[in-house]
Amino acid sequence: MHIVDRRLNPGSKSLENRQRFLRRAKALVQGAVKKSSQERDIKDVLEGGEVSVPIDGMDEPRFRREGGTRDMVLPGNKKFVEGDMLPRPNQSGGKGRGAGEGDSEDTFRFVLSRDEFVDLFLDDLELPDLAKRKLAEVECEGIRRAGYSTSGSPANISVSRTVSRALARRVALRRPRPEELAALEAELEDCSEARRAELLAEIEALKAKIKRIPFIDPIDIRYRRFETVPKPVAQAVMFCLMDVSGSMTEHMKDLAKRFYMLLYVFLKRRYRHVEIVFIRHTDRAEEVDEQTFFYGPASGGTLVSSALQAMHDIVRTRFRPEDWNIYAAQASDGDNSYADGEVASRLLTDKILPVSQFFAYLEVGQENGLSYEMPNSALWTLYEGLRANGAPLSMRKVNERSEIFPVFHDLFQRRSQQERNAS
Amino acid sequence: MTAADQLLFQGADWDFRTLQKICDACEQVACNELGLDVYPNQIEVITAEQMLDAYSSVGMPLFYKHWSFGKHFAFQEASYRKGLMGLAYEIVINSSPCISYLMEENTATMQTLVIAHAAFGHNHFFKNNYLFKQWTDADGILDYLEFAKRYVAHCEERHGRQAVEHTLDAAHALMSHGIDRYPGKKSLDLRAEEKRAGRRRAHEEAAFNDLWRTVPGGKVKSDAVLDVERRRQMLGLPQENLLYFLEKTAPRLRPWQRELLRIVRHIAQYFYPQSQTKVMNEGTATYVHYRIMSRLHQQGRLTDGNFLEFLQSHTNVVFQPEFDDPRYSGFNPYALGFAMMQDIERIVTDPDAEDREWFPDIAGKGDAMGVLRDIWANYRDESFISQFMSPRLMRHFRLFHLHDDPEERAGILVDAIHNERGYRRLRRELARQYDVGFIDPNIEVVDVDLAGDRRLMLRHTVVKGAQLTETDTKRVLQHLADLWSYDVSLVESDASGTVLKEYVAHPRNIAAAA
């Protein structure tokens, strides 16, 4: 009989198989992920969770039979006698792949981890102009351990290292141990006179030696050493600009919110550190917290330039463009006062676009509207003019919740430089 | 010795010393008192996660990588997390040494139960049943699986994952038709098999000379010369082992693809006895654990509390819901097997007049273990049920037989019940449910059109009007055509030869390109 403990063996032997399965089912799973993300709240989407994949293409076919005459022996007869006729149970109540319907739409459900889900969710997206990050300049210092040194501050003394060195030195120099001394002294108690003198001399020598070889010498002392290392900055700030004038309905804010959340998740995947700045504006702009941003009651006229100015100020004071990757997403119903166009345009071209990695403009429309039927609004016309001049601007119109992800996807898809300029 | 010294353990906790003690105590009962003959045992303690892993690769400790195992894992994990499914207490592998996996979460009583069940019950059955002796090579299986795993990984490296996956998908689809149902020339020796595979590869590599490709070949002998009979004989037709047929004769398969088919075929063959002996195998293990646990309790090595805990698990395992119970999903092999074996014990030791009439050979023979050991060695589910299902047991389960013929009647006929007139018919019908020859559709290769378009012709002999499901059949045939590289047709015909349906599949280019 042989008993083995295998609990410490690496588990997850199935991980590889599971990954193969996901790879194989990728197109299907991706479709399912997109579908489920449209149906669910974005917060829930990020929880990962269960998706249904159509079994078609994922099943493993076998030769199987059905129909014909059937015989079965069952347990638990209570009242039947030979020759009884029982009604045939309802045929349709089969198990999905029952009697010959052929391509039934069975689905196979399984659970994705949060990471798997988000990976698939954002799979073919990338941030525009990631290359801008200048590693040489945007480094900061980090600290890491770097062995031991002979000098340093007392706070950094490494006791164990010091003691072990002291021990090694004492052994090497043959420092007498207290026991040896004690033994000699014990012998001294009762011994012959001749031996006595000899012992005394020996004890004297040992005592001297102990004095000469200290327990801990300054040369034993070691300090823990730390060194600073440069670390690349991987941080981004995301500006959420939203028009909260009276014309913005709850539905529009909801659309905007979904877009921002997608953007946030997306940035979070790419950067170690992501800051969000919420700026809402009517005819004047203010920086607010998330709660106020989406739910605060505010109303008034509309001056888009106020928000742009606020963003510019914040960038100048808190987010040096050299250190931060700056993203902005603006959601609006497109109304702007006519006189503001010129100011906004100048702010964008001169101040904001040059420092931004990406500026997305999302024009949100009424529920049940059709995005391609929306007339070009004042802002839309303004931005279109800018983009025609080559500014890194992307713009889309959205009416329905279900459009958010496709639009987002569309904006951030991997593409060549020319294509991006054209969008 | 005091009572406390005799106990194997106290409470629910166990450690490795306890396990050893338990094993020794079980072995004592199993080998000396019950006369079991087992492979050496190896007990491995694993976690629940590892158990799930083992589950999803058909219960084997090492297996080649394939997405379908990942699918099963995802599926099983999901239902386990949701609590729809409990994990089995053990997995046991038919190998020598016989490996039993124990979950660390089990209590000491459960570990005792599992050791008695797997390490002695299943183990004895594996070692002694004729089907396992004939078909499986307990010494070689682990090495062979290791070889299969390495070989598949090696193929992926050389020929790309896609191509390997495609071949394995196709092979898996035909797995249930990759079995030799009748013992052939010799039993399987997987170690020799592995060595031969290596030699074949080495030979192919050594003998390959590109020059020979450029030598003009002579005129091929006209195919028409070979008459049909001779051709069929040469191809070994009709052949019901589709994987074997493809491996040997598919014209355009690469050597490594043949080797993959071979691996899948060997593994299918290895599991073949298990599917034929579910009732007996589980019945044996359950009967053995019941005997061992009762004996340990009797000896004072288990406390009353522990024994009660055991009885509760045991009762759950051998619970058989009735047909109208929502929990009913067919016969529970544990319940059926255990009940039959207990019944046999009763017939042997304490028969009544009915038993003497039905089982003159064993009734009153006195040596229950001797009779059972003989049965375990020489029967499979079908023959076991058709020989040893007693009228008393049929009454106990209150069996009845339903006959459903949609062509003839509007309803389902109750054809036999547990009475004097019905016993034999019930027993025959129940045994038929366990006849593997009957469960799998009877499909065989009947011919290859060598003179024409090399079409592979298959036939499904329809029994009792049950035809193949269309969608699945098309998909499997597609895989088959991909391996064969030419058209494949399947004809469904009934016993009189009337054609009921015909399928044709054309090869996709994937297999040829691979």
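Accessible area per residue for region B:288-380 is 47 Å², calculated with a 1.4 Å probe on protein heavy atoms, without ligands, DNA or RNA.
Each of the chymotrypsin sites (Phe, Trp or Tyr not before Pro) that DSSP puts in a loop and that has at most 12 other Cβ atoms within 10 Å breaks chain B; the longest unbroken stretch is B:1-207. Extension gain for B:Glu470 to B:Gln298 (0.36 nm times residue separation, less C-alpha to C-alpha distance): 56.1 nm. Normalised by the number of residues in chain B, the mean separation of alpha-carbon contacts (under 8 Å, six or more apart) gives a relative contact order of 15 percent. Ordering A:Phe215, A:Val265, A:Met248 by the projection of their Cα atoms onto the charge dipole of region A:207-288, which places +1 on the Cβ of Lys and Arg and -1 on the Cβ of Asp and Glu, puts A:Phe215 at the extreme positive end. Per-residue 3J(HN,Hα) values for region B:136-151, derived from phi via the Karplus relation 6.51 cos²θ - 1.76 cosθ + 1.60 with θ = phi - 60°, read 10, 10, 5, 6, x, 4, 5, 5, 5, 5, 4, 4, 4, 4, 5, 5 Hz in sequence order (x marks Gly and Pro). If R0 is 41 Å, the Cβ-Cβ spacing of B:Ala153 and B:Asn442 corresponds to a FRET efficiency of close to 0.70. Rounded to the nearest 10 degrees, the inclination of helix B:333-349 to the longest alpha-carbon principal axis of chain B is 50 degrees. Once backbone amide H atoms are built at 1.01 Å from N, B:Gln239 has B:Val445 as its partners under 5 Å, excluding neighbours fewer than 5 places away on the same chain. The charge dipole of region B:320-449, taken about its Cα centre with unit charges on the Cβ of Lys, Arg, Asp and Glu (plus for the first two, minus for the last two), comes to roughly 620 debye. Legend: calculated FRET efficiency, A:Tyr338 to A:Glu275, from the Cβ-Cβ distance at R0 = 22 Å, rounded to 0.05, equals 0.05. Amide H to amide H distances under 5 Å link A:Arg222 with A:Ser158, A:Thr162, where only residues 5 or more positions off or on other chains count and H is placed in the peptide plane. The DSSP beta bridges internal to region B:393-514 are antiparallel in roughly 75% of cases.
Expressed as a whole percent, the accessible area of region B:330-473 that falls on carbon and sulfur atoms is 44 (1.4 Å probe).
The angle between the Cα long axis of helix B:16-27 and the longest principal axis of the Cα atoms of chain B comes to about 90 degrees, rounded to the nearest 10.
Here is the interface size for B with A: some 7400 Å² of accessible area buried, both sides summed, with a 1.4 Å probe.
If I take R0 = 35 Å and measure r between the Cβ atoms of A:Tyr148 and A:Lys211 in this structure, what FRET efficiency does the formula 1/(1 + (r/R0)^6) give, to the nearest 0.05?
Once rounded, the FRET efficiency stands at 0.75.
Around the Cα centre of region B:256-398, unit charges on the Cβ atoms of Lys, Arg, Asp and Glu (plus for the first two, minus for the last two) sum to a dipole of about 600 debye.
For region B:453-504, the relative contact order comes to 45 percent (Cα pairs under 8 Å, sequence separation of at least 6). Sparsely packed loop sites in region A:186-260 (the chymotrypsin sites (Phe, Trp or Tyr not before Pro) outside DSSP H, G, I, E and B with at most 15 other Cβ atoms within 10 Å) comprise A:Phe215. Placing unit charges on each Cβ (+1 for Lys and Arg, -1 for Asp and Glu) gives chain B a dipole about its Cα centre, and among B:Leu253, B:Asn128, B:Gly411 the Cα reaching farthest toward its positive end belongs to B:Leu253. Distances between placed amide hydrogens fall under 5 Å for B:Leu458 paired with B:Val446, B:Ser489, B:Leu490, B:Val491, all partners being 5 or more residues away or on another chain. With contacts taken as Cα pairs under 8 Å at a separation of at least 6 residues, region A:213-305 carries a relative contact order of 33 percent. The angle between the Cα long axis of helix B:368-378 and the main principal axis of chain B comes to about 10°, on a 0 to 90 degree scale. Label separation (A:Gln291 vs B:Arg200): 7.2 nm, computed from points 7 Å beyond Cα along the C-beta direction. Which pairs in the list B:Lys21/B:Lys65; B:Lys278/B:Lys365; A:Lys26/A:Lys268 are over 31 Å apart, alpha-carbon to alpha-carbon? The answer is B:Lys21/B:Lys65. Among the trypsin sites (Lys or Arg not before Pro) in region A:154-223, those placed in a DSSP loop whose Cβ has at most 13 other Cβ atoms within 10 Å are A:Arg174.
Per-residue mean of foreign Cβ neighbours for B:456-467 is 3 (Cβ atoms of other chains, 10 Å radius).
The values are calculated or read from the model by the stated rules, or taken from the named source; none is laboratory data. Here the structure is a predicted model, which is why all the values come from computation and not from measurement. We place every Cβ from the backbone using ideal geometry, glycine too, and count neighbours over all the protein chains shown. Side chains included, ligands, DNA and RNA excluded: accessible areas come from the protein's heavy atoms. Shrake-Rupley method; radii C 1.70, N 1.55, O 1.52, S 1.80 Å.
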